[in-house]
Each structure stands twice: as C-alpha cells, then as structure tokens.
Amino acid sequence: MTELPPPTMTPPTMTVITGDEVTGVVDADRPACVDLVRRAYIAHGRGDSVNPHSAFLRFPHRPNSRIISLPAYLGGEFDVAGIKWIASFPDNTASGLARASAVLVLNDTTTGFPYVCMESSIVSASRTAASAVLGAEQLVGSRVAQRIGFIGTGLIAGHVWRFFRDLEWKVGQIRLFDTDPAAAARFATALAAEGAPDTAVAPDAAQVFAVCDVVVLATIAGEPHLHDSALLAGRPVVLHLSLRDLGPEVVLAAQNITDDVDHAVRERTSLHLAEQQVGHRRFVDGTIANVLEGRVHRDPERAAVYAPFGLGVLDLAVGQWVHSRTAGSARPVPGFFPDQS
C-alpha cells in the first residue's frame with residue numbers, strides 16, 4: 001500500500017499586537033481575566049503544563065537591573081506555548097521611562113512557528129493583578145474589605161486597584177505608603193479620580209498593617225525591609241507581589257500560600273530566605289490551586305501571606321485571550337517567515 005505524503009502546511013501569519021490594544025482588552029473585561037487566571041492555575045496545579053524556571057539575565061554594571069525569560073506550555077483547554085521576555089530597569093523612572101518593558105511571543109503547538117508578538121508589560125501587570133485579587137478573594141472568603149493597604153504605589157499597585165474595583169469589591173477605606181511620599185500622594189490623587197473610597201497616605205508601613213485587613217506589597221525591594229512579626233497581629237491577608245519585602249521571621253509567623261513552591265522558593269525571595277533559615281519548606285502551606293480546589297483552607301488564627309512568583313503559564317493564558325479578542329485588528333507582518341519552497 002502506497003503511503004500518502006503528509007499534507008502541505010504553511011506557516012501561520014505572524015501578527016503584532018500593541019500595548020494600547022492589550023490595554024483595551026483588559027479594561028473591557030477584568031472579571032474575565034481573573035476567571036482565565038483561575039482556570040490556568042487549576043490546569044497548572046493538575047500538572048497540565050510545562051513551566052521551566054525563569055532565567056535571570058543580570059548585568060555587572062547595573063546590579064539592580066535584569067531581564068527575565070519565562071518559557072512555558074499550558075495544556076488542557078489552552079494548548080498554547082510561548083515565552084515572555086521582560087526587563088526590569090528601576091533607574092528608568094528617573095528619566096521618565098517605565099521600569100518594566102516586555103514582549104510575549106506565542107507559538108503554534110503543531111508546527112512550533114510563532115504567530116504573534118505582543119507588548120507584554122500590560123499582560124504581565126494584568127496577570128499579576130488578576131492573580132492577586134483572585135488570591136485575596138479566596139483567602140478573605142468574600143469581596144469585602146474594611147481597609148485595603150498598598151505599600152508601594154507604582155504601576156502594579158494601580159493595576160491591582162483596578163481589578164479590585166472592576167470585580168466590585170466593597171472597600172471602606174484605602175491606606176497608602178511609599179518610600180517616596182510624592183509617589184504616594186500622586187497615587188492617592190489618581191485613586192480619588194477613579195472613584196476610590198476614602199484614601200489617605202500613612203506615615204509608615206507599620207501603620208498600613210495596623211489598620212488594614214488586606215495589604216498589597218508592590219514595591220521594588222530587592223531584600224527584606226519588614227522584619228517585625230508583630231505587623232501580622234491583626235491577621236491580615238497580605239498579597240506579597242514583590243516577593244522580597246518580608247523578613248524570614250514574618251514569613252514564619254504566617255500561613256503561606258504561593259502559586260508554585262519550586263518556583264517561589266528560589267532567587268532569594270522571602271520564602272527562599274525563610275527556607276535557608278529553617279532548612280525546610282514546611283512553612284509553605286500550599287498553592288493557590290490547592291485553595292481553589294478546597295484542599296487547603298485559610299487558617300483564621302494566622303495572617304495569610306499570598307506570594308505568587310508569577311508563572312509563565314499565566315502570561316500565555318492572558319496573551320492567548322488578548323490575541324483572540326484582537327483577531328480583527330492585529331497587524332499581520334507579511335513575509336516575516338522565509339519562503340518555504
């Protein structure tokens with residue numbers, strides 16, 4: 001019997017999606033973005049993904065700067081592969097540039113060909129904020145907070161607030177602290193313009209912890225600066241998005257939830273420093289997927305610290321969603337791939 005030749009295939013059309021287009025998709029439906037992140041976490045928690053460790057490119061002449069690569073594959077309903085390449089250059093802000101810049105490339109899982117390149121600082125910030133608000137709801141047990149505190153009032157804090165707002169959280173007050181008082185004042189003004197409730201700037205981080213039942217840590221700290229476990233006396237839910245703010249003594253006093261233990265307990269995160277101090281990881285109580293599926297529950301006797309490392313699979317899920325919602329407007333790049341003949 002003669003074997004038929006394989007069917008002729010052509011590369012996908014390469015397209016480009018801008019940051020403004022990404023923003024438009026996210027702004028239009030943040031609840032859908034949170035649900036997407038929820039489903040991605042569950043798929044990852046069930047092992048339906050490949051998420052290698054992120055690689056950190058550092059510079060000897062710029063020790064506070066880095067570029068990170070996050071390759072991943074997310075299976076199940078998603079079946080998408082790709083890589084995010086994200087730079088963090090904190091000194092940019094002094095020149096009026098954003099600290100973070102990024103691109104996301106998605107690949108066809110049949111041929112391996114890339115089919116879209118999109119601006120990804122907004123994808124990255126959105127999946128971070130969606131993950132934070134999803135974790136807050138699961139650990140608080142509702143969408144109600146007497147006071148939400150933000151320590152660090154930059155770009156990520158703004159994205160997190162807009163997810164709280166669009167998921168219709170009932171919030172009584174907002175308290176802010178930043179090591180740059182002018183940044184905190186600008187953020188307070190911006191929140192007021194967006195219709196946020198009673199907002200005030202606190203004199204220090206301890207005051208935020210003292211009065212808030214949800215605390216968002218969104219700084220650019222490279223090493224712990226919050227060491228007093230008494231900060232957790234009010235048993236808040238702490239969204240530790242910047243990963244390196246808390247000293248080991250604070251971590252060890254809390255119930256700790258992350259998104260992937262092997263990813264989060266490395267690269268001198270607060271969880272990693274706590275592991276180095278005690279020699280084990282038993283202080284990590286579980287993952288957000290465990291919480292979503294009811295295998296781990298909030299301990300009401302302790303503060304809960306949710307420290308998501310930020311998985312590449314989330315970028316893929318959000319990027320695929322953005323691509324699907326911009327199918328009519330994304331710009332094709334004719335001739336991007338060489339002639340296949």
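Table for the structure above
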quantity	calculated
Qualifying residues in region 168-208 (those that are among the hydroxyl-bearing types (Ser, Thr, Tyr) and surrounded by 12 or more Cβ atoms within 10 Å (Cβ to Cβ)) - the one nearest to ILE151 (Cα to Cα)	THR179
Those residues of region 201-252 which are more than 24 Å from the chain's Cα centre (by Cα) and either part of a strand (DSSP E or B) or among the aromatic types (Phe, Trp, Tyr) (or both), in sequence order	VAL201
Contacts under 7 angstrom Cβ, first residue in region 101-117 being without any contact (Cβ under 8 Å) to a residue 40 or more places away in the chain, partner surrounded by fewer than 16 Cβ atoms within 10 Å (Cβ to Cβ) and among the acidic types (Asp, Glu), 6 or more apart	THR109/ASP79
Residue that is farthest from TRP85 (Cα to Cα), among those in region 298-329 that are of a type in the set (S, T, N, Q) and either in contact (Cβ under 8 Å) with a residue 60 or more places away in the chain or not in a helix (DSSP H, G or I) (or both)	SER329
Per-region count, region 130-187, residues in contact (Cβ under 8 Å) with a residue 40 or more places away in the chain and aromatic (Phe, Trp, Tyr)	2
Only one of ARG266, ARG298 that is modelled with pLDDT under 95 and either over 26 Å from SER69 (Cα atoms) or surrounded by fewer than 20 Cβ atoms within 10 Å (Cβ to Cβ) (or both)	ARG266
Test result for LEU106, within 16 Å of TRP321 (Cα to Cα) and crowded, with 20+ Cβ neighbours inside 10 Å	yes
Filter pass, ILE68 being out of contact with any Asp or Glu (no Cβ under 9 Å at 6 or more places or on another chain), of a type in the set (Val, Ile, Thr) and either over 25 Å from GLY154 (Cα atoms) or not in a loop (DSSP other than H, G, I, E, B) (or both)	yes
Check on ARG266, touching a residue at least 60 places away in the same chain (Cβ under 8 Å) and either in contact with a Leu (Cβ under 6 Å, 6 or more places away or on another chain) or part of a loop (DSSP other than H, G, I, E, B) (or both)	yes
Number of positions in region 156-172 that are farther than 10 Å from ALA132 by Cα, among the aliphatic types (A, V, I, L, M) and in a helix (DSSP H, G or I)	2
Check on ARG162, over 23 Å from VAL25 (Cβ atoms) and surrounded by fewer than 22 Cβ atoms within 10 Å (Cβ to Cβ)	no
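The values are calculated or read from the model by the stated rules, or taken from the named source; none is laboratory data. Keep in mind that what you see is a predicted model, and the values were worked out from it rather than measured. A quick note on method: Cβ atoms are made from the backbone with ideal geometry, for glycine too, and the neighbour counts reach across all protein chains shown.
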